[in-house]
Structure formats: structure tokens, C-alpha cells
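Chemist: One structure is given below, represented as C-alpha cells, and several questions about it will come after.
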Amino acid sequence: MVIKERGIDALCIQLREATSDDVRHKCAGCIMVLSANSDAAKRAVGEELGVGALTDIVLKVAGVGRDPTKWNIPVLKAALGALAVLSSDERNLATMRAEGMEQAVEMYGRAKDDKMQAFVRQLTERLLAAD
């Protein structure tokens, strides 16, 4: 129903256009939950440029440097979690690779958050796996 009613589209648009970290956090979390057990939702997020928007969030946080005290952990964790879920779709994974996620994601493995570390491990395994 969420896909039929274009809810994924709306979340991806908000994620791409939001200037608020709170909105980014909530949109990424919703995308993660909705995509967790739905291949159709994963495809829809990829088609609506949601993977690129999530990747952009992770890369921008990486751009603030390697100092974890400067990272917005809630936004970063939600984006990494959504990307980890979405990475089971090969098209989404290809988008992540094209955006350069391999290099960016490795620095987040030292975060002191167990869930974040789990997301990073899952992403790293999938990103570095042979096609």
C-alpha cells in the first residue's frame, strides 16, 4: 500500500530536499523499516533516487572529517541502516559503489555504537564482495 500510494516517493523526495537533520533522520529510518522485508520497496527507493540521497548523507558526514565527535550519529546511523537494508538489491548496491561508498563507510566502523558497527560490517561485506 505504501508503494501504491507513493509513500516511498514522498520519503525519497523529502530525503533529497530536506535541510533539517531531524527530517533526514526520520526519512532514513522510515525507508529502512519499510524496505526491510520488501524487495518492491527496495526497488522503489532506488528508482526514486533514495539510495543516492542516503549515500550523499553518509559522504557529507564523512566530509566533516574523521573526528567522531563531529558526526551527527542519529542521522548517520539511520542512513547507514537504510543503506545496509537496501544493499541486498544489486541495483542499489551498484549505485552505492558508483558513489564511492567503499571508502567512506570504512571510517564509521570505529563508532562506539553497536548498531552502527553492524550496519558498517554488513555494508562493507556487500560492497567489497565480488560482483
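Chemist: Report, by residue number, each residue of region 54-76 that is surrounded by 23 or more Cβ atoms within 10 Å (Cβ to Cβ), modelled with pLDDT under 95 and of a type outside the set (V, I, T).
Modeler: Of everything in region 54-76, just one residue is surrounded by 23 or more Cβ atoms within 10 Å (Cβ to Cβ), modelled with pLDDT under 95 and of a type outside the set (V, I, T), namely L76.
Chemist: Cβ contacts < 8 Å: first residue of a type in the set (D, E), restricted to region 3-23; second residue buried (at least 17 other Cβ atoms within 10 Å of the Cβ) and outside any helix (DSSP H, G or I), any location; separation 6+ or different chain. Result?
Modeler: Hits for this filter: D9/E48.
Chemist: Within region 1-24, count every residue that is of a type in the set (V, I, T) and part of a helix (DSSP H, G or I).
Modeler: 3
Chemist: Also, I was wondering about something else. When you check K42 against the structure, is it touching a Ser or Thr at 6+ places or on another chain (Cβ under 6 Å) and either among the polar types (S, T, N, Q) or under 16 Å from G81 (Cβ atoms) (or both), yes or no?
Modeler: yes
Chemist: Another one. Within region 109-125, how many residues are surrounded by 13 or more Cβ atoms within 10 Å (Cβ to Cβ) and in contact (Cβ under 8 Å) with a residue 40 or more places away in the chain?
Modeler: Qualifying residue count for the region: 6.
The values are calculated or read from the model by the stated rules, or taken from the named source; none is laboratory data. If you're wondering where the values come from, they're calculated on a predicted model, not measured in any experiment. We place every Cβ from the backbone using ideal geometry, glycine too, and count neighbours over all the protein chains shown.
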